[in-house]
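Accompanying notes for the structure given below.
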Amino acid sequence: RDACAPLVEGVCAGVSQHDNTEGDGAMLECLRSHIGDDETPTRCAQAMDKWLSLTSADIRYSSLLLERCMSTLTGTNLCPNATAMLKSGGLLGGELRSCLALNVNQIREPWCSHLTQHMVQEMAADVRYDFKTYSICKDDIALMCSHVAPGEGRIHDCLRGHQSALGSKCLRAVHFALTEETSNAALTPWVNKHCSYEVTHLCGDVPSKDLYGCLVSATEAGSAASAAVAAATAGKVLGAGCLAEVRRQEQLRSTAAVLAEEPATAVQRADGGSDRGEWAQGGGSPWLQLPAYLTIAALVALVVVGVLFRRRLRHGT
(Lines give C-alpha, C1' and ligand atoms only; values in the text may rest on other atoms or scores of the structure.)
Protein backbone atom coordinates (compact mmCIF):
# COMPACT_ATOMS: atom_id res chain seq x y z
CA ARG A 1 0.00 0.00 0.00
CA ASP A 2 2.89 2.41 0.71
CA ALA A 3 4.31 1.94 -2.80
CA CYS A 4 0.86 2.53 -4.32
CA ALA A 5 -0.35 5.22 -1.92
CA PRO A 6 -1.11 7.77 -4.70
CA LEU A 7 -3.47 5.29 -6.34
CA VAL A 8 -4.95 4.01 -3.07
CA GLU A 9 -5.78 7.56 -2.06
CA GLY A 10 -6.68 8.66 -5.59
CA VAL A 11 -8.40 6.61 -8.31
CA CYS A 12 -8.92 3.63 -5.99
CA ALA A 13 -10.23 5.58 -3.00
CA GLY A 14 -13.56 4.14 -1.87
CA VAL A 15 -13.21 1.23 -4.31
CA SER A 16 -14.95 -1.21 -1.94
CA GLN A 17 -18.15 0.79 -1.92
CA HIS A 18 -18.04 1.38 -5.68
CA ASP A 19 -17.38 -2.28 -6.54
CA ASN A 20 -19.69 -3.68 -3.88
CA THR A 21 -16.82 -5.76 -2.51
CA GLU A 22 -14.78 -5.71 0.65
CA GLY A 23 -11.21 -6.28 1.70
CA ASP A 24 -7.82 -6.05 0.02
CA GLY A 25 -8.96 -8.15 -2.93
CA ALA A 26 -11.00 -5.29 -4.39
CA MET A 27 -8.16 -2.81 -3.81
CA LEU A 28 -5.64 -5.11 -5.51
CA GLU A 29 -7.96 -5.50 -8.48
CA CYS A 30 -8.26 -1.71 -8.76
CA LEU A 31 -4.49 -1.26 -8.57
CA ARG A 32 -4.02 -4.01 -11.15
CA SER A 33 -6.31 -2.24 -13.58
CA HIS A 34 -4.12 0.89 -13.38
CA ILE A 35 -0.71 -0.82 -13.54
CA GLY A 36 0.00 0.56 -17.02
CA ASP A 37 -1.11 4.15 -16.34
CA ASP A 38 1.49 6.88 -16.77
CA GLU A 39 0.61 8.22 -13.31
CA THR A 40 1.37 4.90 -11.59
CA PRO A 41 4.59 5.17 -9.51
CA THR A 42 7.41 2.86 -10.59
CA ARG A 43 7.55 1.17 -7.16
CA CYS A 44 3.82 0.47 -7.36
CA ALA A 45 4.10 -0.97 -10.87
CA GLN A 46 6.97 -3.22 -9.74
CA ALA A 47 5.02 -4.41 -6.69
CA MET A 48 1.95 -5.13 -8.80
CA ASP A 49 4.07 -6.93 -11.38
CA LYS A 50 5.40 -9.20 -8.63
CA TRP A 51 1.88 -9.82 -7.34
CA LEU A 52 0.59 -10.69 -10.82
CA SER A 53 3.47 -13.14 -11.27
CA LEU A 54 2.52 -14.82 -7.99
CA THR A 55 -1.17 -15.03 -8.87
CA SER A 56 -0.34 -16.56 -12.25
CA ALA A 57 1.18 -19.56 -10.46
CA ASP A 58 -1.28 -19.83 -7.55
CA ILE A 59 -4.85 -18.56 -7.64
CA ARG A 60 -4.85 -18.29 -3.85
CA TYR A 61 -2.79 -15.10 -4.12
CA SER A 62 -5.76 -13.54 -5.94
CA SER A 63 -8.21 -13.58 -3.06
CA LEU A 64 -11.01 -11.74 -4.86
CA LEU A 65 -10.85 -13.97 -7.94
CA LEU A 66 -10.83 -17.09 -5.79
CA GLU A 67 -13.70 -15.85 -3.63
CA ARG A 68 -15.90 -14.80 -6.54
CA CYS A 69 -15.17 -17.93 -8.57
CA MET A 70 -15.35 -20.49 -5.79
CA SER A 71 -18.88 -21.61 -6.72
CA THR A 72 -17.84 -21.87 -10.37
CA LEU A 73 -14.74 -23.88 -9.50
CA THR A 74 -16.42 -26.28 -7.08
CA GLY A 75 -20.08 -26.28 -8.13
CA THR A 76 -19.85 -26.84 -11.89
CA ASN A 77 -18.18 -29.29 -14.25
CA LEU A 78 -15.93 -26.65 -15.79
CA CYS A 79 -13.01 -27.55 -13.51
CA PRO A 80 -13.78 -31.07 -12.22
CA ASN A 81 -10.59 -31.39 -10.16
CA ALA A 82 -10.83 -27.95 -8.57
CA THR A 83 -11.89 -29.05 -5.07
CA ALA A 84 -9.03 -31.55 -4.78
CA MET A 85 -6.55 -29.03 -6.16
CA LEU A 86 -7.64 -26.34 -3.71
CA LYS A 87 -7.11 -28.73 -0.81
CA SER A 88 -3.64 -29.73 -1.98
CA GLY A 89 -0.64 -27.88 -0.60
CA GLY A 90 1.97 -25.93 -2.49
CA LEU A 91 1.72 -24.00 -5.70
CA LEU A 92 -1.08 -24.95 -8.03
CA GLY A 93 0.95 -24.42 -11.18
CA GLY A 94 -1.59 -22.08 -12.70
CA GLU A 95 -4.01 -24.97 -13.29
CA LEU A 96 -7.12 -23.31 -11.87
CA ARG A 97 -6.45 -19.97 -13.57
CA SER A 98 -5.90 -21.82 -16.84
CA CYS A 99 -9.16 -23.71 -16.34
CA LEU A 100 -11.09 -20.47 -15.77
CA ALA A 101 -9.44 -18.83 -18.78
CA LEU A 102 -10.23 -21.82 -20.97
CA ASN A 103 -13.90 -21.65 -19.99
CA VAL A 104 -14.32 -17.87 -19.81
CA ASN A 105 -17.29 -17.92 -22.20
CA GLN A 106 -19.09 -20.60 -20.15
CA ILE A 107 -18.86 -18.85 -16.75
CA ARG A 108 -22.32 -17.71 -15.67
CA GLU A 109 -21.60 -16.03 -12.33
CA PRO A 110 -21.28 -12.29 -13.23
CA TRP A 111 -18.43 -11.32 -10.92
CA CYS A 112 -16.40 -14.44 -11.73
CA SER A 113 -16.94 -13.82 -15.44
CA HIS A 114 -15.87 -10.18 -15.10
CA LEU A 115 -12.69 -10.99 -13.17
CA THR A 116 -11.81 -13.92 -15.43
CA GLN A 117 -12.09 -11.70 -18.49
CA HIS A 118 -9.62 -9.28 -16.89
CA MET A 119 -7.34 -12.22 -16.14
CA VAL A 120 -7.47 -13.44 -19.75
CA GLN A 121 -6.62 -9.92 -20.93
CA GLU A 122 -3.57 -9.89 -18.67
CA MET A 123 -2.45 -13.30 -19.94
CA ALA A 124 -2.80 -12.15 -23.54
CA ALA A 125 -0.96 -8.90 -22.86
CA ASP A 126 1.98 -10.40 -20.97
CA VAL A 127 3.07 -14.02 -21.36
CA ARG A 128 4.65 -13.93 -17.89
CA TYR A 129 1.15 -13.92 -16.42
CA ASP A 130 0.22 -17.01 -18.44
CA PHE A 131 1.97 -19.43 -16.11
CA LYS A 132 1.65 -22.59 -18.20
CA THR A 133 2.80 -21.02 -21.47
CA TYR A 134 5.60 -19.09 -19.77
CA SER A 135 6.86 -22.20 -17.96
CA ILE A 136 6.94 -24.17 -21.20
CA CYS A 137 8.44 -21.40 -23.35
CA LYS A 138 10.83 -19.75 -20.89
CA ASP A 139 13.95 -21.03 -22.67
CA ASP A 140 12.61 -20.08 -26.09
CA ILE A 141 11.79 -16.59 -24.81
CA ALA A 142 15.32 -16.20 -23.41
CA LEU A 143 16.80 -17.39 -26.71
CA MET A 144 14.71 -15.39 -29.16
CA CYS A 145 12.69 -12.72 -27.34
CA SER A 146 14.94 -11.43 -24.55
CA HIS A 147 15.13 -8.05 -26.33
CA VAL A 148 11.33 -7.64 -26.37
CA ALA A 149 9.68 -5.48 -23.70
CA PRO A 150 6.78 -7.19 -21.89
CA GLY A 151 3.24 -5.92 -22.37
CA GLU A 152 0.71 -5.40 -25.16
CA GLY A 153 1.19 -8.98 -26.35
CA ARG A 154 4.70 -8.26 -27.64
CA ILE A 155 6.37 -11.42 -26.33
CA HIS A 156 3.46 -13.54 -27.56
CA ASP A 157 3.97 -11.92 -30.98
CA CYS A 158 7.70 -12.60 -30.83
CA LEU A 159 7.13 -16.31 -30.17
CA ARG A 160 4.56 -16.47 -32.96
CA GLY A 161 6.97 -14.78 -35.32
CA HIS A 162 9.62 -17.44 -34.60
CA GLN A 163 7.38 -20.50 -34.75
CA SER A 164 9.71 -22.47 -37.01
CA ALA A 165 12.50 -22.16 -34.41
CA LEU A 166 10.49 -23.04 -31.29
CA GLY A 167 10.89 -26.21 -29.29
CA SER A 168 8.07 -28.69 -29.88
CA LYS A 169 6.39 -28.13 -26.50
CA CYS A 170 6.51 -24.36 -26.82
CA LEU A 171 5.18 -24.60 -30.38
CA ARG A 172 2.21 -26.61 -29.14
CA ALA A 173 1.57 -24.04 -26.41
CA VAL A 174 1.71 -21.20 -28.95
CA HIS A 175 -0.62 -23.08 -31.29
CA PHE A 176 -3.05 -23.72 -28.44
CA ALA A 177 -3.04 -20.04 -27.41
CA LEU A 178 -3.70 -18.96 -30.99
CA THR A 179 -6.60 -21.38 -31.24
CA GLU A 180 -8.09 -20.21 -27.97
CA GLU A 181 -7.89 -16.58 -29.07
CA THR A 182 -10.40 -17.25 -31.83
CA SER A 183 -13.11 -17.51 -29.14
CA ASN A 184 -11.70 -14.71 -26.94
CA ALA A 185 -10.66 -12.17 -29.58
CA ALA A 186 -12.28 -9.25 -27.74
CA LEU A 187 -9.83 -9.78 -24.87
CA THR A 188 -6.66 -9.66 -26.98
CA PRO A 189 -4.35 -6.62 -27.31
CA TRP A 190 -4.31 -6.69 -31.11
CA VAL A 191 -8.11 -6.42 -31.39
CA ASN A 192 -8.24 -3.54 -28.91
CA LYS A 193 -5.37 -1.77 -30.67
CA HIS A 194 -6.27 -2.28 -34.32
CA CYS A 195 -9.94 -3.22 -34.52
CA SER A 196 -11.81 -1.40 -31.73
CA TYR A 197 -13.93 0.57 -34.21
CA GLU A 198 -14.84 -2.56 -36.19
CA VAL A 199 -15.74 -4.44 -32.99
CA THR A 200 -18.28 -1.75 -32.11
CA HIS A 201 -19.65 -0.75 -35.51
CA LEU A 202 -19.25 -3.91 -37.57
CA CYS A 203 -19.52 -6.80 -35.14
CA GLY A 204 -21.44 -5.20 -32.28
CA ASP A 205 -24.37 -7.62 -32.58
CA VAL A 206 -22.20 -10.74 -32.81
CA PRO A 207 -21.65 -12.91 -29.69
CA SER A 208 -18.15 -12.44 -28.26
CA LYS A 209 -17.15 -16.02 -29.08
CA ASP A 210 -17.87 -15.28 -32.78
CA LEU A 211 -16.03 -11.96 -32.91
CA TYR A 212 -12.92 -13.36 -34.58
CA GLY A 213 -15.05 -15.07 -37.20
CA CYS A 214 -16.85 -11.79 -37.78
CA LEU A 215 -13.59 -9.95 -38.41
CA VAL A 216 -12.25 -12.70 -40.67
CA SER A 217 -15.47 -12.85 -42.68
CA ALA A 218 -15.16 -9.12 -43.43
CA THR A 219 -11.81 -9.58 -45.16
CA GLU A 220 -11.78 -10.03 -48.93
CA ALA A 221 -10.89 -13.71 -48.64
CA GLY A 222 -12.95 -14.33 -45.50
CA SER A 223 -15.92 -16.65 -45.33
CA ALA A 224 -18.78 -16.21 -42.87
CA ALA A 225 -18.62 -18.54 -39.86
CA SER A 226 -22.37 -18.47 -39.25
CA ALA A 227 -25.60 -16.91 -40.46
CA ALA A 228 -25.35 -14.30 -37.69
CA VAL A 229 -21.82 -13.36 -38.75
CA ALA A 230 -22.84 -13.22 -42.42
CA ALA A 231 -25.72 -10.89 -41.61
CA ALA A 232 -23.51 -8.65 -39.48
CA THR A 233 -20.78 -8.27 -42.09
CA ALA A 234 -22.89 -8.06 -45.23
CA GLY A 235 -21.69 -5.15 -47.37
CA LYS A 236 -19.19 -3.99 -44.74
CA VAL A 237 -15.39 -3.89 -44.87
CA LEU A 238 -12.63 -3.52 -42.32
CA GLY A 239 -10.46 -0.44 -41.98
CA ALA A 240 -6.95 -0.76 -43.43
CA GLY A 241 -5.23 -1.23 -40.06
CA CYS A 242 -7.66 -3.85 -38.82
CA LEU A 243 -7.66 -5.64 -42.18
CA ALA A 244 -3.87 -5.93 -42.19
CA GLU A 245 -3.83 -7.21 -38.60
CA VAL A 246 -6.57 -9.80 -39.18
CA ARG A 247 -4.68 -11.12 -42.21
CA ARG A 248 -1.50 -11.29 -40.14
CA GLN A 249 -3.31 -13.22 -37.42
CA GLU A 250 -4.72 -15.63 -39.99
CA GLN A 251 -1.22 -16.23 -41.37
CA LEU A 252 0.14 -16.90 -37.86
CA ARG A 253 -2.62 -19.43 -37.23
CA SER A 254 -2.03 -21.10 -40.57
CA THR A 255 1.70 -21.39 -39.87
CA ALA A 256 1.08 -22.79 -36.39
CA ALA A 257 -1.37 -25.37 -37.71
CA VAL A 258 1.08 -26.56 -40.38
CA LEU A 259 4.06 -26.75 -38.00
CA ALA A 260 2.04 -28.53 -35.33
CA GLU A 261 1.34 -31.33 -37.82
CA GLU A 262 4.90 -31.68 -39.15
CA PRO A 263 6.96 -34.79 -38.23
CA ALA A 264 9.76 -34.54 -35.70
CA THR A 265 12.63 -32.22 -36.64
CA ALA A 266 15.68 -31.00 -34.81
CA VAL A 267 13.44 -29.34 -32.25
CA GLN A 268 11.57 -32.60 -31.62
CA ARG A 269 14.46 -34.98 -31.12
CA ALA A 270 13.78 -38.65 -30.53
CA ASP A 271 16.84 -38.97 -28.27
CA GLY A 272 15.05 -37.15 -25.45
CA GLY A 273 17.39 -34.18 -25.57
CA SER A 274 16.60 -30.64 -24.53
CA ASP A 275 13.42 -29.18 -25.99
CA ARG A 276 14.77 -25.64 -26.12
CA GLY A 277 14.04 -23.59 -29.21
CA GLU A 278 16.86 -23.97 -31.73
CA TRP A 279 17.60 -21.89 -34.76
CA ALA A 280 18.69 -24.85 -36.92
CA GLN A 281 15.74 -27.01 -38.01
CA GLY A 282 17.49 -29.56 -40.18
CA GLY A 283 20.80 -31.28 -39.47
CA GLY A 284 22.98 -28.37 -40.55
CA SER A 285 26.49 -27.69 -39.35
CA PRO A 286 27.10 -28.65 -35.70
CA TRP A 287 28.89 -25.31 -35.25
CA LEU A 288 25.58 -23.50 -35.79
CA GLN A 289 23.98 -25.44 -32.96
CA LEU A 290 26.60 -24.44 -30.37
CA PRO A 291 26.26 -21.36 -28.16
CA ALA A 292 28.10 -18.40 -29.71
CA TYR A 293 30.86 -18.21 -27.08
CA LEU A 294 31.73 -21.89 -27.54
CA THR A 295 31.85 -21.50 -31.30
CA ILE A 296 34.26 -18.54 -31.00
CA ALA A 297 36.43 -20.39 -28.48
CA ALA A 298 36.64 -23.43 -30.76
CA LEU A 299 37.63 -21.30 -33.75
CA VAL A 300 40.31 -19.50 -31.74
CA ALA A 301 41.69 -22.84 -30.56
CA LEU A 302 41.87 -24.09 -34.15
CA VAL A 303 43.77 -20.97 -35.22
CA VAL A 304 46.26 -21.33 -32.35
CA VAL A 305 46.83 -25.01 -33.13
CA GLY A 306 47.37 -24.15 -36.82
CA VAL A 307 49.95 -21.47 -35.97
CA LEU A 308 51.86 -23.78 -33.63
CA PHE A 309 51.83 -26.58 -36.20
CA ARG A 310 53.24 -24.27 -38.90
CA ARG A 311 56.04 -23.12 -36.57
CA ARG A 312 57.02 -26.71 -35.87
CA LEU A 313 57.19 -27.45 -39.58
CA ARG A 314 59.23 -24.31 -40.23
CA HIS A 315 61.84 -25.23 -37.61
CA GLY A 316 61.90 -28.87 -38.58
CA THR A 317 60.97 -30.05 -35.09
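Taking the convex hull of the alpha carbon atoms in segment 157-205, what volume per residue do you get, in Å³?
Considering the Cα atoms of segment 157-205, their hull volume per residue is 74 Å³.
Could the peptides 3-14, 191-202, 58-69 be put in order, highest first, of the mean number of other beta-carbon atoms found within 10 Å of their residues?
Ranked by mean Cβ neighbours within 10 Å, highest first: 58-69, 191-202, 3-14.
So what's the net charge close to T72: Lys and Arg +1, Asp and Glu -1, counting the other residues with Cβ under 9 Å from its Cβ?
Combined, the nearby Lys, Arg, Asp and Glu give +1.
Amide H of I107: which non-local residues (sequence gap of 5 or more, or other chain) have their own amide H closer than 5 Å, using H built in the peptide plane?
When sequence neighbours closer than 5 places are left aside, there are no close amide H contacts.
In straight Cα distance, which lysines are under 28 Å from K193, not counting same-chain residues fewer than 8 positions off?
Hits, sequence-local ones excluded: K50, K132, K138, K209, K236.
Estimate the FRET efficiency between D49 and H147 by the formula 1/(1 + (r/R0)^6), using the beta-carbon distance for r and 22 Å for R0, to the nearest 0.05.
0.70
Which trypsin sites (Lys or Arg not before Pro) in segment 76-166 pass both tests, a DSSP loop state and at most 15 other beta-carbon atoms within 10 Å?
Passing both the DSSP loop test and the Cβ count: R108.
Points 7 angstrom from Cα along the Cβ direction at H118 and T83: gap in nanometres?
With each label placed 7 Å out from Cα toward Cβ, I get 2.9 nm.
Calculate one ³J(HN,Hα) per residue across segment 103-112 by plugging θ = phi - 60° into the Karplus curve 6.51 cos²θ - 1.76 cosθ + 1.60, and present them in order as whole Hz with x for glycine and proline.
10, 4, 7, 9, 6, 9, 6, x, 5, 4
For segment 99-198, with every protein chain kept in place, what is the accessible area per residue (1.4 Å probe, Å²)?
Dividing the accessible area of segment 99-198 by its residue count gives 42 Å².
Between S254 and N105, 0.36 nm times their residue separation minus their Cα-Cα distance comes to what?
51.2 nm
Shape of segment 120-159 from its Cα gyration tensor (a ≥ b ≥ c, root eigenvalues): rounded if a/c is under 1.5, otherwise prolate when a/b > b/c, or oblate?
oblate
Which whole-Hz couplings ³J(HN,Hα) result when phi for each residue of segment 128-144 is put into the Karplus expression 6.51 cos²θ - 1.76 cosθ + 1.60, θ = phi - 60°, listed in order with x for Gly and Pro?
Using θ = phi - 60°, the values come out as 5, 8, 9, 4, 5, 5, 5, 4, 6, 9, 4, 5, 5, 5, 5, 6, 10 Hz.
Grab the other residues whose beta carbon is less than 12 angstrom from that of V127, score K and R as +1, D and E as -1, and report the net.
-1
Would you report the distance distribution of C-alpha pairs in segment 32-122 as whole percents per 10 angstrom bin, up to the bin with the largest distance?
Using 10 Å bins, I get a P(r) of 16, 48, 26, 8, 1 for segment 32-122.
Based on the alpha-carbon set only, what is the convex hull volume of segment 66-117 divided per residue, in Å³?
Output value, Cα hull per residue: 69 Å³.
Determine the share of segment 74-223's accessible area contributed by carbon and sulfur atoms, expressed in whole percent, with a 1.4 angstrom probe.
Of all accessible area on segment 74-223, carbon and sulfur atoms account for 53 percent.
Please list, in order along segment 185-194, the HN-Hα scalar couplings obtained from phi with the Karplus expression 6.51 cos²θ - 1.76 cosθ + 1.60 (θ = phi - 60°), rounded to whole Hz, x for Gly and Pro.
Taking θ as phi minus 60°, the curve returns 4, 5, 9, 9, x, 5, 5, 5, 7, 10 Hz for segment 185-194.
The values are calculated or read from the model by the stated rules, or taken from the named source; none is laboratory data. Please read these numbers as outputs of a predicted model, since none were measured by experiment. Neighbour counts run over all protein chains shown; Cβ positions are idealised from the backbone, glycine included. For the accessible areas, the whole protein counts, side chains as well, though only heavy atoms, and no ligand, DNA or RNA atoms are used. Shrake-Rupley method; radii C 1.70, N 1.55, O 1.52, S 1.80 Å.
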